[in-house]
Structure formats: structure tokens, C-alpha cells
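No lab work stands behind these numbers, since they all come straight from the coordinates. Computed from a predicted model, the values in this text were never measured in an experiment. FYI the Cβ positions are ideal-geometry reconstructions off the backbone, even for glycines, and counts take in every protein chain you see.
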Amino acid sequence: MQNFRFENETKIIFGKDTELEVATEVSKYGQKILLHYGGGSIKKTGLYDKVIKSLNDNDISYVELSGVKPNPRLSLVKEGIDICRKEDIDFILAVGGGSVIDSAKAIAAGVKYLGDVWDFFDGKAEVGEAIPIGTILTIPATGSETGDTTILTNEEGWYKRSMSHKNIRPKFAILNPELTYSLPNYQTAAGGVDIMSHVFERYFTNTLDVDITDRLCEGTLKCMIKNLPIALEETNNYAARSEIMWAGTIAHNGLLGTGRVEDWGSHMIAHEISAMYDITHGATLSIIFPAWMNYVYQDNIDRFVQYAIRVWGVEMNFQDPEKTVLEGIERTKEFFKKAGMPTSLSEVDISRDSIEEMAEKCVLSGPVGNFRKLFKDDVVKILEMAF
Ligand code: NZQ
Ligand code: ZN
């Protein structure tokens, strides 16, 4: 196990009706807030009305900025920064999914920075002072609710890039599993794939002696394997929705990666697909992960054997351990398929002609991933295997 520091200061408020506590939490940080949300799902579910009532009852004034799109865009972030400056906003409340939270984080980082907020994303500047943010999460998926990362798409050139800084980590995250009942199955499944992928990015490591995090990863994956099909079958199953929601946070709050080298190659490839084709994040991962696994497993057969046996209950084939590994990868793919997610690029109408460009952009700042460092040729091969 490697040396590590673990810090996660986000307060988590979990359970039924917890959204009613929002004003109490907000009032600890600000009196004039930016209420940031997406395309309107929060209005359909009634969550918007509850939030507004809670703010009004507590004399917290607000300005609204809606319209965050999945794979959030830089242009709306710039609009948000202008509003915050003009209106003297001292807190941002993000109500929605990872896209809304990421957009809020970028606004928070940009308000007090005089340059272009994209500078943080292409490494030209580091985040300084940020205004505080908090969130009511409506889709378990990205883990952005307690994370220090934001991922944006720059419409100029269609680059999707991330940046991380402790100053943009939300102060609080309100997680009420009932708020996820309204999710279409496709979004529930995409979120589920994302959660599992955040575990994979940590689980597939060459770091030795990491039993505790191995077991936590395996437990989180098994929880998803059990509960995702239940939530897809019974939309309003509180028990299953709760497990998934908490797993989403656990998978990406930093705990599962402690003491080990993480990978992140598959996410980097997946981001290029979303940037070019605006495809749901989880759908790019259900396509890329099985291909990546098939491409790299020979580098550390033991780890993939462990995955197959402990996570999927595959029986060990002592004569031919590779068969055990391949069965584990196949079961992963089948699980994604059964959940209604695509597992090949051809299913989402991507042209082979764009492989070169996606691979080129993916390694623009150098090779990606750590389990195996992936150069442009490797990314091309993985994308080809994903057809
Ligand atoms: O916009 P609205 O109308 O709210 O609809 C959203 C959106 O269309 C809908 N939705 C959300 N909650 C709902 C709901 N519909 C009905 N009922 C509800 N309760 O779901 C759609 C997807 O929302 P989005 O926020 O885009 O989903 P997600 O949370 O998966 O976020 C995806 C974004 O986060 C990034 C992804 O790349 C992508 O841009 N990620 C961020 C990470 C981070 N910050 O650490 C890590 C992840 O790996 C990921 O890359
Ligand atoms: Zn992800």
C-alpha cells in the first residue's frame, strides 16, 4: 500500500425529505445565491417548488440559471460567472446531476478569477479562491456531489476536459433516494455504469498489498450488481435506490483509491466520444470498459482472475486462467447489456473515420491510464475493439 492523504469535507445529508433542510444548510454560507439547474426535470418532479419555498421561508434571495445540458458547456459557465459578479452572489446551489454540479463548480472557480475560466481546464492557471457551493443530487452517477473535480465541454473545438481543486468541493450534498424515482431507466442504468466504472478505475491497479480497498471495491460492485436490476424493474424501490445512491458517492469520494495507483484511461477515452458525439457519459463507459479490459488483462492476469472470481463468482479454471478472466469480462458486458446500455460503438452510430481524431485528442497531453500507459496507437486499437 502506498502513502496517502485522505480528506473529504463534504457534509452528507442522506434520506427521505432531506431536501427540506436545504435553506438551513445554505444559510451557513450565503444570503444571495445562484440556483443552478438543468433542463427542467426538477420542475416536473416538484423539487423546484420545494427548494424555492425553503429559500423564501428563510429569507434567502436567489437568482436562477437553468439550462445546464448533459456534458455541460463552457458558454453557460461563462454566463453564470457574469451573473454571480453582477448580482454579488455568495453561494451556488446546484440542484440536479453531475452536469449541473460540474457547471456550478466551474462557475464557483471562475467568479474571482480575472482570466478565462478555461485556463483551469487546460492547465494554464490553478484555482484560487472559489465561492462555496452545495448540492441536492437527483441522479446517482458521477460522485461529483462530494468530489473536487469538474468536467466541461468547450464548444470551440469540442474538447471535454477536467480539472480538480479542493476549493470547489461542495460544502454539503443532500441525497434523498426518493428524488431518483423519476429517472428514466436509461439514466438510472447510465448512472449505474458510471458508478461501477469509478470503481474499476481504482480496482484495476498494479499496486500490491491493497486488500482493504480491494474488498471495499468488490463490495461496492456487488452492491451495484444486486441493486441496479431491482431499481430498473421497480422504479420506486427505496431500498435499492438508497444502495445505489450511497454507492455512487462511495465509489468516487476518494476512499476506494487510497493507497493505490488509479487508472482513468477508460474515462479519458470515453470523454473523447462524448465530446465529439455528445453521448451520455455512462453509455460511453459501457462501450469502452469491456474493450479496455480485453486489451490490457494480460498485463496482470492475477488481478483480472480475482475480479472474475470475487465480483462475478466465476469458477477458477486452473488449466487455463485466461478463460476465467474472459468469463469475468463477458459477464461485465452482459450485465451492461441487460441494463439496456450499449456495449459497442456501432450501436451508437459512430463512424470509424473519427477514431484517429478521438485518439489524437485523447493523448494530446501525453499517454493516458496507469494500469497500462496508453499511447495513441493503443487508444486506436481499443476504439477499434469497441466496434
Ligand atoms: O437536465 P434535467 O432536466 O435535470 O435532466 C437530466 C439530464 O437530462 C436528467 N435527470 C437528472 N436527474 C433526474 C433526471 N431526470 C428525471 N429525474 C431525475 N431525478 O438526467 C439527465 C442526465 O443528467 P446529468 O447531470 O448529465 O447526468 P450525470 O450525473 O450522469 O452527469 C454526467 C456528467 O458528469 C461528468 C460526465 O462526463 C458528464 O459530463 N462526470 C463528472 C465527474 C466528476 N465531476 O467527478 C466524474 C464522472 O466520471 C463524469 O465524467
Ligand atoms: Zn465517470
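Report the residues of segment 279-302 in range of a label on residue 206: point 7 Å along Cα→C-beta, backbone N strictly under 17 Å from it. Residues passing the 17 Å test: 293-302. As a rough footprinting exposure proxy, the listed residues 235, 150, 343 were ranked by other beta carbons within 10 Å of their own, and the order from fewest upward is 235, 343, 150. The mean sequence distance of close C-alpha pairs (under 8 Å, at least 6 residues apart), as a share of the length of the chain, puts its relative contact order at 16 percent. About its Cα centre, the chain has a charge dipole of approximately 460 debye under the convention of +1 per Lys or Arg Cβ and -1 per Asp or Glu Cβ, with nothing else charged.
Quick one: order 9, 201, 87 by neighbouring beta-carbon count within 10 Å, fewest to most.
Least to most surrounded, the residues fall as 9, 87, 201.
Think of the chain as a dipole: +1 on every Lys or Arg Cβ, -1 on every Asp or Glu Cβ, centred on the Cα centre; then among 385, 264, 183, 183 lies furthest on the positive end.
Taken along the Cα-to-beta-carbon direction at a fixed 7 Å, the label points for residue 6 and residue 322 span 3.7 nm.
Extension gain, residue 162 to residue 381: 0.36 nm times the residue separation minus the Cα-Cα distance gives 76.4 nm. The length gained by stretching the chain between residue 171 and residue 360 to full extension, at 0.36 nm per residue less their Cα-Cα distance, is 64.3 nm.
The slack in the chain from residue 373 to residue 116, taken as 0.36 nm per residue of separation less the alpha-carbon distance, amounts to 89.4 nm. Under the simplified labelling scheme, the residue 49-residue 222 pair shows an inter-label distance of 4.4 nm, with each label point 7 Å from Cα along Cα→Cβ.
Mind giving me the FRET efficiency for residue 301 and residue 261? R0 is 22 Å, r the Cβ-Cβ distance, nearest 0.05 is fine.
Calculated transfer efficiency: 0.75.
Neighbour counts of C-beta atoms inside 10 Å place 364, 326, 345, 93 in the sequence 364, 326, 345, 93, starting with the fewest. Considering only alpha-carbon pairs that sit under 8 angstrom and 6 or more positions apart, the relative contact order computed for segment 63-208 is 24 percent. Approximating the spin labels as points 7 Å out from Cα along Cα→Cβ, the residue 330-to-residue 233 distance works out to 2.4 nm.
Share of antiparallel DSSP beta bridges in the chain, in percent to the nearest 5?
Around 25 percent of the beta bridges assigned by DSSP in the chain are antiparallel ones.
Once C-alpha pairs closer than 8 Å and six or more residues apart are averaged by separation and normalised to the residue number of segment 185-385, the relative contact order reads 26 percent. Pairs from the table (53/160; 11/222; 11/32; 226/323) lying more than 31 angstrom apart at Cα are 53/160. A straight Cα-to-Cα reach below 20 Å connects residue 381 with the lysines 333, 361, 373, residues fewer than 8 places away in its own chain not being considered. Cross-link partners of residue 166 among aspartates and glutamates, defined as those whose alpha carbon lies under 16 angstrom from its own and excluding same-chain residues fewer than eight positions apart: 7, 9, 102, 126, 129, 145, 148.
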